[in-house]
Amino acid sequence: VQLQASGGGLVQPGGSLRLSCAASISVFSYNYMGWYRQAPGQERDLDARMTSGGTTNYADSVKGRFTISRDNAKNTVYLQMNSLKPEDTAVYYCRLTTYYGVGYWGKGTQVTVSS
(Lines give C-alpha, C1' and ligand atoms only; values in the text may rest on other atoms or scores of the structure.)
Protein backbone atom coordinates (compact mmCIF):
# COMPACT_ATOMS: atom_id res chain seq x y z
CA VAL A 1 0.00 0.00 0.00
CA GLN A 2 1.31 3.41 -0.94
CA LEU A 3 -0.02 6.75 0.18
CA GLN A 4 0.84 9.98 -1.58
CA ALA A 5 0.13 13.08 0.48
CA SER A 6 0.24 16.61 -0.88
CA GLY A 7 -1.18 20.09 -0.41
CA GLY A 8 0.82 21.56 2.42
CA GLY A 9 2.31 25.00 2.35
CA LEU A 10 2.54 28.39 3.99
CA VAL A 11 -0.68 30.18 4.83
CA GLN A 12 -1.63 33.19 6.92
CA PRO A 13 -3.70 32.83 10.07
CA GLY A 14 -7.35 32.50 9.16
CA GLY A 15 -6.51 31.01 5.81
CA SER A 16 -7.32 27.63 4.30
CA LEU A 17 -5.50 24.67 2.82
CA ARG A 18 -6.63 21.35 1.43
CA LEU A 19 -4.49 18.28 1.90
CA SER A 20 -4.83 15.26 -0.35
CA CYS A 21 -3.86 11.65 0.22
CA ALA A 22 -4.03 9.30 -2.73
CA ALA A 23 -4.04 5.60 -1.88
CA SER A 24 -2.84 2.80 -4.13
CA ILE A 25 -5.83 0.68 -3.11
CA SER A 26 -9.55 1.22 -3.18
CA VAL A 27 -10.95 3.39 -0.44
CA PHE A 28 -13.28 0.52 0.33
CA SER A 29 -10.38 -1.83 1.05
CA TYR A 30 -9.40 -0.24 4.34
CA ASN A 31 -10.93 0.06 7.78
CA TYR A 32 -10.26 3.76 8.03
CA MET A 33 -8.03 6.56 6.80
CA GLY A 34 -6.99 9.50 8.83
CA TRP A 35 -4.91 12.62 9.07
CA TYR A 36 -2.42 13.15 11.86
CA ARG A 37 -0.19 16.03 12.74
CA GLN A 38 3.19 16.21 14.39
CA ALA A 39 4.64 19.48 15.61
CA PRO A 40 8.34 19.73 16.52
CA GLY A 41 9.01 17.95 19.78
CA GLN A 42 5.45 16.66 19.96
CA GLU A 43 3.83 13.30 19.45
CA ARG A 44 1.90 12.48 16.32
CA ASP A 45 -1.77 13.11 17.06
CA LEU A 46 -4.96 12.32 15.21
CA ASP A 47 -6.83 15.21 13.67
CA ALA A 48 -9.53 13.43 11.70
CA ARG A 49 -10.39 10.04 10.32
CA MET A 50 -13.00 8.41 8.16
CA THR A 51 -14.10 4.80 8.04
CA SER A 52 -14.73 3.00 4.78
CA GLY A 53 -18.41 3.38 5.59
CA GLY A 54 -18.04 7.15 5.74
CA THR A 55 -18.20 7.70 9.50
CA THR A 56 -15.97 10.55 10.58
CA ASN A 57 -14.50 11.71 13.85
CA TYR A 58 -12.38 14.71 14.72
CA ALA A 59 -10.08 15.91 17.43
CA ASP A 60 -11.73 18.60 19.56
CA SER A 61 -9.12 21.12 18.48
CA VAL A 62 -10.17 20.93 14.82
CA LYS A 63 -13.93 20.39 15.07
CA GLY A 64 -15.77 22.97 13.03
CA ARG A 65 -12.62 23.99 11.18
CA PHE A 66 -11.36 20.84 9.46
CA THR A 67 -13.36 18.49 7.26
CA ILE A 68 -12.27 15.07 6.06
CA SER A 69 -13.78 13.81 2.83
CA ARG A 70 -12.98 11.42 0.00
CA ASP A 71 -13.28 10.87 -3.70
CA ASN A 72 -13.99 7.20 -4.22
CA ALA A 73 -13.14 7.25 -7.90
CA LYS A 74 -9.70 8.68 -7.19
CA ASN A 75 -9.04 6.61 -4.04
CA THR A 76 -8.21 9.89 -2.39
CA VAL A 77 -8.98 11.33 1.02
CA TYR A 78 -8.88 15.05 1.66
CA LEU A 79 -8.52 17.27 4.67
CA GLN A 80 -10.02 20.71 4.19
CA MET A 81 -8.52 23.00 6.78
CA ASN A 82 -10.19 26.36 7.38
CA SER A 83 -9.62 29.12 9.92
CA LEU A 84 -6.06 27.98 10.34
CA LYS A 85 -4.16 29.05 13.43
CA PRO A 86 -0.43 29.28 14.11
CA GLU A 87 -0.77 26.30 16.44
CA ASP A 88 -1.87 24.21 13.47
CA THR A 89 1.68 24.42 12.18
CA ALA A 90 2.99 20.86 11.89
CA VAL A 91 3.87 18.09 9.52
CA TYR A 92 0.67 16.36 8.49
CA TYR A 93 0.57 12.64 7.73
CA CYS A 94 -2.13 10.47 6.31
CA ARG A 95 -2.55 6.95 7.57
CA LEU A 96 -4.49 4.00 6.26
CA THR A 97 -5.44 1.10 8.50
CA THR A 98 -6.61 -2.15 6.96
CA TYR A 99 -9.28 -4.44 8.30
CA TYR A 100 -6.48 -6.58 9.68
CA GLY A 101 -5.15 -3.70 11.74
CA VAL A 102 -2.09 -3.06 9.60
CA GLY A 103 -1.27 0.62 9.35
CA TYR A 104 0.50 2.50 6.58
CA TRP A 105 1.83 6.03 6.72
CA GLY A 106 2.16 8.47 3.89
CA LYS A 107 5.05 10.87 3.58
CA GLY A 108 4.36 13.98 5.62
CA THR A 109 3.47 17.35 4.20
CA GLN A 110 4.44 20.55 6.00
CA VAL A 111 1.78 23.07 6.95
CA THR A 112 2.99 26.41 8.26
CA VAL A 113 0.55 29.02 9.52
CA SER A 114 2.28 32.34 9.93
CA SER A 115 1.86 35.98 9.08
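With 16 Å as the cut-off, how large is the P(r) tail for region 42-108, expressed as percent of Cα-Cα pairs? Spell out each step's value before the answer.
Numbers: 1143 of 2211 pairs.
Value for region 42-108 (Cα pairs over 16 Å): 52 percent.
Return the carbon/sulfur percentage of the accessible area of the chain, one whole number, probe 1.4 Å, all protein chains in place. Write out the running numbers ahead of the final one.
Values: 2710 of 5960 Å².
Accessible surface attributable to carbon and sulfur in the chain totals 45 percent.
Provide the per residue accessible area, probe 1.4 Å, for the chain, rounded to a whole number of square angstrom.
Numbers: 5960 Å² over 115 residues.
For the chain, the solvent-accessible area averages 52 Å² per residue.
Using DSSP to call loops (not H, G, I, E or B), can you name the trypsin sites (Lys or Arg not before Pro) in region 19-75 whose Cβ has at most 16 other Cβ atoms within 10 angstrom?
Working: sites: ARG37, ARG44, ARG49, LYS63, ARG65, ARG70, LYS74; in loops: ARG44, LYS63, ARG65.
Counting only loop positions with at most 16 other Cβ atoms within 10 Å, the trypsin sites (Lys or Arg not before Pro) in region 19-75 are ARG44, LYS63, ARG65.
Mind putting a number on the dipole of the chain about its Cα centre? Charges go on the C-beta only, +1 for Lys and Arg and -1 for Asp and Glu, and I need it in Debye to the nearest 20. The partial results should precede the final answer.
Details: 11 positive and 7 negative charges, 41 e Å.
Magnitude of the dipole: close to 200 debye.
Any idea what the alpha-carbon Rg over 2.2 N^0.38 Å comes to for region 9-52?
Numbers: Rg = 13.4 Å, N = 44, 2.2 N^0.38 = 9.3 Å.
Normalised Rg, Cα atoms only: 1.44.
So what's the Cα pair-distance distribution over the chain, bin width 10 Å, in %?
Spelled out per bin, shortest first, that is 15, 51, 29, 5, 0.
Skipping prolines and chain starts, which residues have an amide H placed within reach, meaning under 5 Å, of the one on GLY9, given they are 5 or more residues away or on another chain?
HN-HN under 5 Å from GLY9: VAL111, THR112.
Under 19 Å Cα-Cα from LYS85, which lysines qualify once same-chain neighbours fewer than 8 residues away are excluded?
Within the straight-line limit of under 19 Å, LYS85 reaches these lysines: LYS63.
Around LEU19, with a cut-off of 11 angstrom between Cβ atoms, what is the net charge of the other residues, counting Lys and Arg +1 and Asp and Glu -1? Mind dumping the intermediate values first?
On the way: positive: ARG18, ARG37; negative: ASP47.
Spelling it out: positives minus negatives among the neighbours equals +1.
Please list 3J(HN,Hα) in residue order for region 65-78, calculated via the Karplus relation 6.51 cos²θ - 1.76 cosθ + 1.60 where θ = phi - 60°; whole Hz, with x for glycine and proline.
10, 10, 9, 9, 8, 8, 10, 4, 5, 9, 6, 10, 10, 10
In nm, give the distance between the simple-model label positions of ALA22 and ALA39, each being 7 Å from the Cα along the Cα-to-Cβ direction.
Placing both labels 7 Å along Cα→Cβ, they lie 3.2 nm apart.
Taking every DSSP beta bridge that has both residues in the chain, what percent is antiparallel when rounded to the nearest 5?
Values: 38 of 41 bridges.
For the chain, the DSSP antiparallel bridge percentage is about 95.
May I ask you to derive the relative contact order of the chain, considering only C-alpha pairs under 8 Å and at least 6 residues apart, and to give it as an integer percent? Intermediate values should be presented prior to the final figure.
On the way: 290 pairs, mean separation 42.3, N = 115.
Here the relative contact order equals 37 percent.
The values are calculated or read from the model by the stated rules, or taken from the named source; none is laboratory data. Here the structure is a predicted model, which means the values were calculated and not measured. All Cβ positions, glycine included, derive from the backbone under ideal geometry; neighbour counts span all protein chains shown. Note: areas computed on protein heavy atoms with side chains; ligands, DNA, RNA excluded. Shrake-Rupley method; radii C 1.70, N 1.55, O 1.52, S 1.80 Å.
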